[in-house]
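Q: Below is one structure. I have some questions about it.
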Amino acid sequence: MTATLPVKISFSLPDGWQAAPPDEVGAPGVAFVALHPPSIDGFTANITIAGRMRNDAATMWEIAGESVRRLEQAGTVEVVKKAEVGTPDLPGLTDSPGVVQNLRLHTTLRGEPLELLQTQVYLGMEDVKNPAQRAVLEFVLTAKPTQLGAVLEDFKSFLRTVRPAEEDAV
């Protein structure tokens, strides 16, 4: 079932990317999926957006670790790099630092072994009405190693367009 985000955001997709219904492309539980048809090579590079409200004290580092544990249910996961990102990288979205992690996944697709790379970005937005609660947004690029060079800059460009939506926006 397609999820909804806990906060409204706006963004622009780079040229060559197309929105797709999450349930129809095998991505239940996410709010948005974009596919990169030019990269199709047995796997289509994609960007997903997910998020939820949290009222715990987990840090962005711990939340990123939760993602690794979820992915390990489908195969081997290697954390290649993990770092804090600040507002210069994602201006206008949040005043709190987030976490970016790069992962190497070994899984299967239609019974065949598949190596994928993921860049995950986690950002938290405090609920101004209830400071004990915050929205955590997850932006993920998934691609085969042979596709990454063609889509990584697009992902960075996409992230720079993400903003809180205007209150009166539909």
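The values are calculated or read from the model by the stated rules, or taken from the named source; none is laboratory data. Just so you know, these numbers come straight off a predicted model, no measurement behind them. Methodologically, a virtual Cβ is constructed for each residue, glycine included, from the backbone with ideal geometry; neighbour enumeration extends over all protein chains shown. Heavy atoms of the whole protein, side chains included, go into the accessibility calculation; ligands, DNA and RNA do not. Shrake-Rupley method; radii C 1.70, N 1.55, O 1.52, S 1.80 Å.
Q: Please work out which one of (1) among the β-branched types (Val, Ile, Thr); (2) assigned to a loop (DSSP other than H, G, I, E, B); (3) in contact with an Asp or Glu (Cβ under 8 Å, 6 or more places away or on another chain) is the condition Thr146 fails and give its number.
A: With (1) among the β-branched types (Val, Ile, Thr); (2) assigned to a loop (DSSP other than H, G, I, E, B); (3) in contact with an Asp or Glu (Cβ under 8 Å, 6 or more places away or on another chain) applied to Thr146, the lone miss is (2).
Q: Here's a follow-up. Counting only residues that are surrounded by 14 or more Cβ atoms within 10 Å (Cβ to Cβ) and touching a Ser or Thr at 6+ places or on another chain (Cβ under 7 Å), how many does the range 33-43 have?
A: Number satisfying all stated conditions: 3.
Q: So for the range 53-63 (the condition being over 16 Å from the mean Cα position of the chain (by Cα) and more than 20 Å from Leu123 (Cβ to Cβ)), does at least one residue qualify? If you could, list the steps in order and put the result at the bottom.
A: Residues of the range 53-63 over 16 Å from the mean Cα position of the chain (by Cα): 54-59.
Retained after the next criterion (residues that are more than 20 Å from Leu123 (Cβ to Cβ)): none.
No - not one qualifying residue is present in the range 53-63.
Q: Return the residues of the range 68-83 that are open to solvent by 50 Å² or more (accessible area, probe 1.4 Å) and assigned to a loop (DSSP other than H, G, I, E, B); say none if nothing qualifies.
A: Of everything in the range 68-83, those that are open to solvent by 50 Å² or more (accessible area, probe 1.4 Å) and assigned to a loop (DSSP other than H, G, I, E, B) turn out to be Glu72, Gln73, Ala74.
Q: Quick check on my filter: what residues within the range 105-129 are outside any strand (DSSP E or B) and in contact (Cβ under 8 Å) with a residue 12 or more places away in the chain?
A: Passing the criteria: only Asp127.
Q: Return the residues of the range 115-132 that are charged (D, E, K, R) and modelled with pLDDT under 85; say none if nothing qualifies.
A: The initial filter retains those residues of the range 115-132 that are charged (D, E, K, R), namely 115, 126-127, 129.
If the condition is that a residue be charged (D, E, K, R) and modelled with pLDDT under 85, then Glu126, Asp127, Lys129 are the ones that fit.
Q: Anything in the range 149-164 that is open to solvent by 60 Å² or more (accessible area, probe 1.4 Å) and in a strand (DSSP E or B)? List them, or say none.
A: Correct list: Arg163 only.
Q: Specify the residue that is modelled with the highest pLDDT; the eligible residues are those in the range 84-105 that are more than 15 Å from Val140 (Cα to Cα) and surrounded by 18 or more Cβ atoms within 10 Å (Cβ to Cβ).
A: Taking the candidates together, the pick is Thr94.
Q: Kindly provide the set of residues from the range 44-67 that are surrounded by fewer than 17 Cβ atoms within 10 Å (Cβ to Cβ) and outside any strand (DSSP E or B), ordered by number.
A: Correct list: Asn55, Asp56, Ala57, Ala58, Thr59, Trp61, Glu62, Gly65, Glu66.
Q: OK, next. Return the residues of the range 5-24 that are open to solvent by 50 Å² or more (accessible area, probe 1.4 Å), part of a loop (DSSP other than H, G, I, E, B) and either in contact with a Pro (Cβ under 7 Å, 6 or more places away or on another chain) or under 15 Å from Met125 (Cβ atoms) (or both); say none if nothing qualifies.
A: Lys8, Phe11
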